[in-house]
Amino acid sequence: MTWSRLTTTAGAPVADNQNSLSAGPRGPLLLQDWRLLEKLAHQNRERIPERVVHAKGWGAHGQFTVTHDISAYTCASLFSGVGKTTPLIARFSTVAGELGAADAERDVRGFALKFYTDEGNWDLVGNNTPVFFVRDPLKFPDFIRTQKRHPRTNLRSATAMWDFWSLTPESLHQVTILMSDRGLPQTPMHMNGYGSHTYRFWNAADECSWVKFHFKTRQGHKHFTNEEASYIVGQSRETYQEALFGAIEAGAFPRWTLFIQIMSEAQARACAFNPFDVTKVWPHADFPLIEVGEMELNRNADNYFAEIEQAAFSPSNFVPGIGASPDKMLQARIFSYADAHRYRLGTHYESLPVNRPRSPVRVYHKDGAMNFVGQQTGVVDAYYEPNSFGGPAESPEFREPPMPIEGDAAHWDQRGDDDYYSQPRALFALFDEGERARLFSNIAAAMAGVPTEIVERQLAHFDSVDPAYGSGVRAALKRD
Ligand code: HEM
């Protein structure tokens, strides 16, 4: 038997060794078996990097319907008339857990929406909480590190979490929400969503105002206690996927009502607190909720990876009539997300079907890895701008009214505002006895193993919110 005979075209009989051990199914495997090589090579490339935060998620398609006219505030076409509907995709997530994390873990939940409007995509990448832990974007990577794994133990570290929070008192508001009932929703359908940051609206006359977005669940709030959650996780780690996917398959479409809060530019200048500080809410008594419309999720993805894992949400995806505010966290996010997508999904992530706007796309992007759409200006000779070949030019309606900004452009000392306690105090005052008891025991449980000096530092903050807050946690720590 010679090598040349062995390398006979795949499938052809090897004439003179029918009875040898290498014949038929016992014959050798050849490097030329390109089906095998392709399959193995593809398997090696089935994984892409998971999101650096919010890796575990659940999503679905749906639509938004306008029920109330807000054209006095914004010229955004998706809000341009009662009854108007806009398709969208939603992705909910936990923040800290990896791709395989259990769903029913105490954590903030992401609430990311991509509206495929007739003027391009508008993404609202929010959470199920109206505030955030930090207000200085420089602190975001540090904060996330304290939620992820310790470099040596490779375990989550309660010490790191409470060390950071106790040295970062602006986190008190969000920590109180996280440790309350709201920190463990039963399903993504049973929680609210918030844009959290202040955004900017302008209307057809270029009159500007500041806006916050609130999506209120129509399913009601439902939460697990720590004990219920640990039992549930013992039964299934995928409870959110089961609940959301199952509800939509069964035709029980979840709905949310969208409200906005509006603050005029004059009100912002006179506001007692910084209206662009994401650790603070706007009191509803001063800035009442204005109803806008209804969001419904009504279609599951046919392919989770293509439509949910590859969905790329970015606070930089705006449409005319909606823009950014001077919130420094939001400004940093406007850089961070598209950068993350280029790393995680590739240069032309915007061309993937789930990310591609439904409106015509006319951009001067050229070439680059995985450009599968070619020249995106719609005109072959228009590959630079300006040009004489009818290539797209920026249309006047994409012009944003100039934003008046003031103050020194320098590295920011966020410690200039040290009112860490008044808004958490107002929140704590809303909790009834049962909610307070659960808050105290959740905090005590989360502090297990944390060094005393860190616990004491945090207790002093709780005392400053309300002496009943500090003493309640102290009592729970003694019990546990
Ligand atoms: C400076 C502050 C922040 C930075 C630098 C930041 C950065 C990031 C990055 C890099 C991702 C992963 C994106 C991806 O790979 O797809 C992400 C995901 C996410 N972030 Fe942030 N983030 C910040 C603050 C916030 C805040 C304040 C909120 C909510 C109000 C938020 C909500 C989300 C959500 C919901 C996702 C998941 C989106 C999805 O479902 O794909 N982030 N963030």
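A few points about this structure:
- Surrounding net charge for VAL233, when Lys and Arg each add one and Asp and Glu each subtract one, Cβ distance under 9 Å: -1
- Gyration tensor (alpha-carbon) shape descriptor, the chain, a/c threshold 1.5: oblate
- The angle separating the long axis of helix 239-249 from the principal Cα axis of greatest extent in the chain is about 80 degrees.
- The angle between the Cα long axis of helix 328-344 and the main principal axis of the chain comes to about 10°, on a 0 to 90 degree scale.
- Electrostatic dipole magnitude of the chain [Cβ: Lys, Arg +1; Asp, Glu -1; Cα centre; debye, to 20]: 1340 debye
- Judged by the gyration tensor of its Cα atoms, with axes a ≥ b ≥ c, the range 164-254 is oblate; a/c meets the 1.5 cut and b/c is at least as large as a/b.
- Classification of the range 370-427 by its C-alpha gyration tensor yields a prolate form. The axis ratio a/c (a ≥ b ≥ c) is 1.5 or more, and a/b outweighs b/c.
- Ligands, DNA and RNA left out, the 1.4 Å accessible surface of the chain is 55% carbon and sulfur atoms.
- Think of the chain as a dipole: +1 on every Lys or Arg Cβ, -1 on every Asp or Glu Cβ, centred on the Cα centre; then among TYR420, ALA266, THR377, THR377 lies furthest on the positive end.
- Here's the picture: charge each Lys and Arg Cβ at +1 and each Asp and Glu Cβ at -1 in the chain, and of PHE245, VAL354, HIS284 the one pushed furthest to the positive end of that dipole is PHE245.
- Summed residue charge, Cβ within 11 Å of PHE305's Cβ, Lys/Arg positive, Asp/Glu negative: -3
- Cut-off 18 Å (backbone N to label point 7 Å along Cα→Cβ of ARG399), residues of the range 196-223: 202-208
- Vicinal HN-Hα couplings computed from phi for the range 157-169 (Karplus, 6.51 cos²θ - 1.76 cosθ + 1.60; Hz; Gly/Pro x): 10, 4, 4, 4, 4, 6, 4, 5, 4, 5, 8, 10, x
- With K and R counted +1 and D and E -1, the other residues having a Cβ less than 14 Å from that of ARG47 yield a net charge of -1.
- In a reduced charge model with +1 at each Lys and Arg Cβ and -1 at each Asp and Glu Cβ, the range 131-231 shows a dipole moment near 280 debye about its Cα centre.
- Label-point gap, in nm, between HIS42 and PHE335 - each point 7 angstrom along Cα→Cβ: 4.0 nm
- Solvent-accessible area per residue for the range 422-479 (1.4 angstrom probe, square angstrom): 48 Å²
The values are calculated or read from the model by the stated rules, or taken from the named source; none is laboratory data. Predicted, not measured: the structure shown is a model, and the values here were computed from it. All Cβ positions, glycine included, derive from the backbone under ideal geometry; neighbour counts span all protein chains shown. Side chains included, ligands, DNA and RNA excluded: accessible areas come from the protein's heavy atoms. Shrake-Rupley method; radii C 1.70, N 1.55, O 1.52, S 1.80 Å.
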